[in-house]
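Worksheet: one structure, shown below.
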């Protein structure tokens, strides 16, 4: 269940493994209202992020429900004393990224046969998004928390070329199908 939560967070909020491993309840991961009510927010200050850009995500309801189930039913069995780390390790510390990362990779391989590390989840998310939204680099930049759009475009330009062509064709075909035979469709005043 711990790995399910880790993978869910990586899917919805493509973090770097160090930030994922160091999520702390009521500090970097918290509900907006007491008693696990409201929205579940993930907020990592800039001094804890590789590129010094703060990370802010609101997790979807389904993700929050999975995390709540983990916290209530599974996480208590992972340690002897209560702690604040989402992924507790030994000696009241967070699980080390060097331990959490390989665990994630092993569980993904076990269930899919694919070798996917935590960092690759960032690229998979970007590719899936760009396949559905060709050219939407600014959204990917914000989600991956790149400082510069250049970093994003250098990394992902070309990944969505086929889907961009399909999207283009779909728009043209939709316009063609919408045209009434024998009539010229006027789209702007004076233009055909």
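Here, each number is a calculation from the coordinates, and none is a lab measurement. Since we're looking at a predicted model, the values are computed, not measured. A quick note on method: Cβ atoms are made from the backbone with ideal geometry, for glycine too, and the neighbour counts reach across all protein chains shown.
Taking region 106-181 as the region of interest, the helices (runs of 4 or more DSSP H) fully inside it that hold 2 or more residues being under 23 Å from residue 15 (Cα atoms) and free of Cβ contacts under 8 Å to residues at least 60 places away in the same chain are 118-132, 137-144, 149-156. Going by the conditions given, is residue 68 touching a residue at least 12 places away in the same chain (Cβ under 8 Å), exposed (fewer than 15 other Cβ atoms within 10 Å of the Cβ) and part of a strand (DSSP E or B)? Here the answer is no, as residue 68 does not meet what is asked. Residues in region 37-52 that are in contact with a helix residue (DSSP H, G or I) (Cβ under 6 Å, 6 or more places away or on another chain) and outside any strand (DSSP E or B): 1 in all.
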